[in-house]
Amino acid sequence: MSKESQTRTRDLIVDMMTKGVSTGALTEVEAMAACSSACAAIIATMIPPAHHAEALEITIDKLPKQVAFHAAEVAAHRKARSN
């Protein structure tokens, strides 16, 4: 898959998740889970099979940290908005 196709795919996923959350069709958690599934699918289709395990290990390591960071941002935003 070309770099341009990868970028279009990423942008499409982000756009779909954003629309889903903004319309109320998805919660933020559902959108993040969908992105995680999409990431795993991308790994499976774009990375040579010999590197799947390593790529998934990196994703599994980073995802909880990204979720925690996002949760802290959301909490701070909600707190600031409530004041």
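Annotation: amide H of Leu26 within the under-5 Å range of Val21, sequence separation 5 or more or interchain, hydrogens built in the peptide plane. Between the helical axis of 52-82 and the longest alpha-carbon principal axis of the chain there is an angle of about 10 degrees. Over the Cα atoms of the chain, Rg to Rh with Kirkwood Rh, two decimal places? In the chain, Rg relative to Rh is 1.05.
Distances longer than 12 Å among the Cα atoms of segment 9-56: what percent of all pairs is that?
Values: 715 of 1128 pairs.
Considering segment 9-56, 63 percent of its Cα-Cα pairs are separated by more than 12 Å.
Read-outs throughout are calculated quantities, based only on the coordinates presented, and are distinct from any laboratory measurement. The model shown is predicted, which means the values in this text are computed figures rather than measured ones.
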